[in-house]
1. Using DSSP to call loops (not H, G, I, E or B), can you name the GluC sites (Glu not before Pro) in region 1-110 whose Cβ has at most 12 other Cβ atoms within 10 angstrom?
2. Taking every pair of alpha-carbon atoms in region 64-176, give the share separated by more than 21 Å as a whole percent.
3. Given a 1.4 angstrom probe, I'd like the percentage of the accessible area of the chain that is carbon and sulfur, rounded to a whole number.
4. Using 10 Å bins from zero, what percent of all Cα-Cα pairs in region 74-138 falls into each bin?
5. Accessible area per residue of region 82-146 at 1.4 Å probe, in Å²?
6. About its Cα centre, what dipole magnitude does the chain give when the only charges are +1 on Lys and Arg Cβ and -1 on Asp and Glu Cβ, stated in debye to the nearest 20?
7. As a test of the formula, what do you get for the chain when each DSSP H run with n ≥ 4 contributes -39,500 (n - 2.57) and the sum is divided by the residue count, at 222 nm and rounded to the nearest 500 deg cm²/dmol?
8. Between Glu90 and Val141, 0.36 nm times their residue separation minus their Cα-Cα distance comes to what?
Amino acid sequence: MLHSRTVAEDLLRVGLKLVFCGYNPSLRSGKSGHHYAHPANRFWRVLYAAGITERLYRPEEDEELLGLGIGFTNLCPRPTRRADELKRQEILAGARRLRKDLELFRPRAVAYTGMGVYRWFRGSSRSSWGVQGDSAVPGIVDIVVPSPSGLNRMRLEELVEHYRVLVPFVRETRWG
């Protein structure tokens, strides 16, 4: 069932296998109330092409992914055209809120959609693509994948290759 929302609200609950964490909603996502809603954003195509979902979903179906064990959040809730429009205070407040949410909901893994969002969250410049060596919240696997935004000039095939690292986290039926 599709629901109408006025902002791109977090889609989180206990027991999720994987949570996608972006910088913040795009203006389109903020207006539509759905994650990764900008037409130039390749998120939904990448999920399907990488084998994370078994069919191509639309942004309006984002809530349905909860049933697959996949959730959504952002470091900062304010929609902007570009992530670099976020203010330092918003980022710090967002990082505190995100840590609390992860401690509360305890997903198996978090996929940060962009090197910058992970670095902002961790307050560190040390990170690389893929599974990280240590976790921000003990017991939750941190994974960094490239932003699927149309502003990222990485080819679709490269994005898909990076996102394939997430498949075992959504396909496994048992935790740890």
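The values are calculated or read from the model by the stated rules, or taken from the named source; none is laboratory data. Remember, predicted model here, so these are calculated numbers, not experimental data. Cβ: placed from backbone, ideal geometry, glycine included. Neighbour counts: every protein chain shown. SASA here: full protein model, heavy atoms, side chains in, ligands and nucleic acids out. Shrake-Rupley method; radii C 1.70, N 1.55, O 1.52, S 1.80 Å.
1. Answer by residue number: Glu54.
2. 39
3. It is 53 percent, rounded to a whole number.
4. That works out to 19, 56, 24, 1, in percent per bin.
5. Each residue of region 82-146 exposes 51 Å² on average to a 1.4 Å probe.
6. That gives the chain a dipole magnitude of about 400 debye.
7. Computed ellipticity for the chain at 222 nm equals -8500 deg cm²/dmol.
8. Extending this stretch completely gives an extra 15.9 nm.
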